[in-house]
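The structure appears right after this line, and notes come after that.
None of the figures in this text is laboratory data; all of them are computed from the coordinates on show. Please read all numbers here as calculations on a predicted model, not as lab measurements. With ideal geometry, Cβ positions are generated from the backbone for all residues, glycine too; neighbour counts draw on all protein chains shown.
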Ligand code: UD1
Ligand code: UDP
């Protein structure tokens, strides 16, 4: 049984790392399963890519396609062509894609056109905002996938609403739980304090990179103004995505009160989450990780795919309004972890067992 895994962006390394570990475990038990990894090259800086393979002991990619920093069409198109070449020669039984990036969609299109079944990890999530590139990627990927692994009940319900019943027999929906929950459990005991960052008390952990906030310069300006204001009284640590870094530099936004650091590896990131007093982010993954570690999270977006965290009161949606952001940050209490949202921490095992037909 051969699986080709398609990766390209930071959150995919983190998600796929846990599934690769489970594949290795099953190999150790004598299962006949091989994983071939294709890295599209979408994220390419060492601190956006290599660090995760090093630290998380993710098997090195067998193929590196080197497709980087292009427009959506050029990037996705070049990825499809290059992935297709590899799939034609590797002839896998399954192609596995993660999440909702351009690498996800490219992998799903290349495989499905070759009639290779696609397994989509993190299927069924919806923001219902078609302005988001991620929403387009995830809807299209789900529609052409054969195994739809849902991280949450809401994701499963979304697919039911879209009529997944009628996509049968090609498509099957499986509630797996969230592979990021498996990862959080595994890495919480391996995490480490980042060096070269002075941390001596309370701090807020923040990330911003989503297109909806960074493509729209006035949104980014307002969010940064709010964070800079909050940082007058409380330390705000911002590991900065290269996309946002470029925009801050080009527009000379005032970030003088913020503690801006380079993107960190996952072991440092988990430490930063566990030890912070509040998370503020537009990241999909970080919204949940805050919850896994019982931290309240202020979501710098107008909507979210992780709606159960908002309705349960752990996370609050504030969009880009400066006053709302400042007010939300002042309400500081920890959330309560309720593990039933994202499975039992065995999502990777459920996924791998499904693929090998157990
Ligand atoms: C992508 C995903 C987004 C995901 C995010 C995770 C798409 C459409 N978007 O967004 O869903 O949340 O990854 O982080 O797939 N850059 C560098 N070095 C890098 C990577 C990026 O400098 O290693 C810069 C480049 O200027 C690039 C820009 O960041 O043009 C945007 O990168 P891209 O991969 O297109 O989108 P992300 O914003 O990272
Ligand atoms: N992350 C990290 N280092 C950082 C910032 C984020 O390891 O400097 C991790 C974060 O903990 C989460 C994942 O990257 O596991 C989320 O990726 P990102 O926010 O880039 O993408 P999204 O989840 O929004 O698609």
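Numbers below:
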item	result
Inter-label distance for residue 113 and residue 143, nm, one decimal - labels placed 7 Å from Cα along Cα-to-Cβ	1.6 nm
Of 259, 207, 160, the one that fluctuates the most in a GNM where the chain has Cα springs shorter than 10 Å	160
GNM flexibility winner over the chain from 243, 138, 296 (Cα, springs under 10 Å)	243
Which of 200, 215, 178 has the fewest Cβ neighbours within 10 Å, and the rest in rising order	200, 215, 178
Crossing angle, helix 217-230 versus the chain [Cα axis fit, 0-90 degrees, rounded to tens]	50 degrees
Normalised per residue, the volume of the convex hull around the Cα set of region 106-151 (Å³)	60 Å³
Rel. contact order, % - alpha carbon contacts under 8 angstrom, at least six apart, the chain	16 percent
Helical contribution to [θ] at 222 nm, DSSP H n ≥ 4, -39,500 (n - 2.57), averaged over the chain, rounded to 500	-13000 deg cm²/dmol
Average Cα contact separation per residue, region 209-358, under 8 Å, 6 or more apart, as relative contact order %	22 percent
From the C-alpha gyration tensor of region 132-246, square roots of 5λ in Å	37, 21, 12
Simple label model, 7 Å out from Cα along Cβ direction - residue 312 to residue 260, nm	3.5 nm
Residue order, fewest to most surrounding Cβ atoms within 10 angstrom, among 23, 237	237, 23
Label-point separation, residue 172 to residue 199 (7 Å along Cα→Cβ), nm	4.2 nm
Share of alpha-carbon pairs per 10 Å distance bin for region 1-126, given as whole %	14, 48, 34, 5, 0
Whole-number D in µm² s⁻¹ for region 213-271, Kirkwood Cα-pair radius fed into Stokes-Einstein, 25 °C, 0.890 mPa s	203 µm²/s
Relative contact order of region 142-278, pairs being alpha-carbon contacts under 8 Å that are 6 or more residues apart, as %	27 percent
Candidates 302, 142, 233, ranked by Gaussian network fluctuation over the chain, Cα under 10 Å, top entry	233
Once the Cα gyration tensor of the chain is diagonalised, semi-axes √(5λ) in Å	33, 21, 20
Protection-proxy order for peptides 124-136, 99-111, each taking the mean of Cβ atoms within 10 Å per residue, highest first	99-111, 124-136
